Amino acid sequence: MENTPYLIGRFLNLADGLHAVWCKNVRDNQIPPQLLGSSLFASFQMNPVQAFGNASLRIKPYLDWAKTNKSQDAALSRWFLGEFGRVCTAIKATGIPQRLSDTDKAEMLLGYLASSGKQDESEPSQHEPSK
């Protein structure tokens with residue numbers, strides 16, 4: 001299941017994971033109750049194109065940090081960058097829909113809930129991607 005709505009869900013899950021790692025390192029593990037991906041979830045369901053525009057502004061500081069991060073989580077932050085690259089390349093190939101059907105919304109949720117396959121082994125957290 002690698003269609004665009006599923007991939008958008010993956011993108012949002014990755015945004016949550018990177019935001020959580022950033023919070024762990026930059027905000028002394030002060031993780032907010034709502035991470036970046038989950039805060040954008042509803043807007044992606046209503047208008048994916050506009051939501052990507054909003055996400056481009058909000059995610060930039062986390063991506064920049066991941067590129068230069070020298071903390072113990074440097075490898076994890078670089079893994080997130082690689083996964084963003086894979087997911088975004090696939091979204092570009094399939095195109096961004098203007099609207100999502102109910103089926104698309106269900107697939108987006110499945111993508112969001114799917115395992116990322118990578119986790120910071122030092123400290124499991126509900127905010128980090130699960131194995």
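The values are calculated or read from the model by the stated rules, or taken from the named source; none is laboratory data. Computed from a predicted model, the values in this text were never measured in an experiment. Cβ coordinates were reconstructed from backbone atoms using ideal geometry, including for glycine residues, and neighbour counts include every protein chain displayed. Heavy atoms of the whole protein, side chains included, go into the accessibility calculation; ligands, DNA and RNA do not. Shrake-Rupley method; radii C 1.70, N 1.55, O 1.52, S 1.80 Å.
For the stretch 73-92, residues that are among the small types (G, A, S) and either touching a helix residue (DSSP H, G or I) at 6+ places or on another chain (Cβ under 9 Å) or part of a loop (DSSP other than H, G, I, E, B) (or both) total 3. The number of residues in the stretch 14-32 being touching a Cys at 6+ places or on another chain (Cβ under 8 Å) and polar (S, T, N, Q) comes to 2.
Residue by residue, here is whether (1) closer than 19 Å to L113 by Cβ; (2) open to solvent by 50 Å² or more (accessible area, probe 1.4 Å) holds:
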residue: D16; (1), (2): yes, no
residue: L36; (1), (2): yes, no
residue: A51; (1), (2): yes, no
residue: N54; (1), (2): no, yes
residue: A66; (1), (2): no, no
residue: N69; (1), (2): no, no
residue: S77; (1), (2): no, no
residue: E83; (1), (2): yes, no
residue: I91; (1), (2): yes, no
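Pairs are defined by a Cβ separation below 9 Å, a sequence spacing of at least 6 or placement on different chains, a first member in the stretch 21-45 that is touching a residue at least 24 places away in the same chain (Cβ under 8 Å), and a second member that is open to solvent by 50 Å² or more (accessible area, probe 1.4 Å) and among the basic types (K, R); the pairs so defined are L36/R58; L40/R58; Q45/K105. Restricting the stretch 18-34 to residues that are open to solvent by less than 40 Å² (accessible area, probe 1.4 Å) and not hydrophobic (A, V, I, L, M, F, W, C) leaves a set whose member that is farthest from Q72 (Cα to Cα) is P32.
Please go through the stretch 50-72 and give me each residue that is in a helix (DSSP H, G or I) and of a type in the set (D, E, K, R), ordered by number. Lay out the reasoning, then the answer.
So in the stretch 50-72, the residues in a helix (DSSP H, G or I) come out as 50-68.
Answer for the stretch 50-72, where residues must be in a helix (DSSP H, G or I) and of a type in the set (D, E, K, R): R58, K60, D64, K67.
Counting only residues that are outside any loop (DSSP other than H, G, I, E, B), over 13 Å from S71 (Cβ atoms) and not hydroxyl-bearing (S, T, Y), the stretch 19-49 holds 12 of them.
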